[in-house]
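Beneath this line is the structure, given in structure tokens, with notes to follow.
The values are calculated or read from the model by the stated rules, or taken from the named source; none is laboratory data. What you are looking at is a predicted structure, and each value in this text was computed from that prediction instead of being measured. Glycine gets a Cβ as well: all are built from the backbone with ideal geometry, and neighbour counts include every protein chain shown. Note: accessible area is taken over every heavy atom of the protein model, side chains too, but ligands, DNA and RNA are not part of it. Shrake-Rupley method; radii C 1.70, N 1.55, O 1.52, S 1.80 Å.
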Amino acid sequence: LEASVAAARASMAKEQARRSYTDLGKFLHRRGDLNGALKALLRTRDYCSSPLQAGESCALVVMVALDLGNTMQVNSHVAKAEHSGGLEPATGAQLKAAAALTLLKNKDYKA
């Protein structure tokens, strides 16, 4: 019983940390601190406990990376999100659009 309480407590702390980093990243993104937002959102993925959360955190990183013009980060996190298996259809479509934007930016018209 004590072990299950400890596990629940650790799980709750993990969820709070994930939520806090997500909120911080979104706040910094709205303020225009893109590097700070990216750093906070990258930490979010360490605290994900489900494929859906991992997919959402990757989608947030992709959003900020697009604003920074960091195409390598976009492509990397699009692939991570697609492999997480926890994407909603709308999020998947947004990620495909982000990947397409990076192809256009890199002038890779044949892919």
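Miscellaneous remarks
- Look at segment 92-111: where a residue is without any contact (Cβ under 8 Å) to a residue 12 or more places away in the chain and a partner is exposed (fewer than 12 other Cβ atoms within 10 Å of the Cβ) and not in a helix (DSSP H, G or I), sitting 6+ places away or on another chain with Cβ atoms under 7 Å, you get Leu103/Ala111.
- The single condition among (1) part of a loop (DSSP other than H, G, I, E, B); (2) aliphatic (A, V, I, L, M); (3) open to solvent by 70 Å² or more (accessible area, probe 1.4 Å) that Met63 does not meet is (1).
- Test: residue in segment 73-94 that is part of a loop (DSSP other than H, G, I, E, B) and within 22 Å of Arg31 (Cα to Cα): no
- Extreme residue, farthest from Met63 (Cα to Cα), among residues of segment 1-53 that are of a type in the set (S, T, N, Q), in contact (Cβ under 8 Å) with a residue 24 or more places away in the chain and part of a helix (DSSP H, G or I): Ser11
- Residue within segment 32-47 that is closer than 15 Å to Ala79 by Cα and open to solvent by 80 Å² or more (accessible area, probe 1.4 Å) present: yes
- The conditions of being in contact with a helix residue (DSSP H, G or I) (Cβ under 9 Å, 6 or more places away or on another chain), surrounded by 19 or more Cβ atoms within 10 Å (Cβ to Cβ) and either under 28 Å from Asn106 (Cβ atoms) or of a type in the set (Lys, Arg) (or both) are not met by Ala79.
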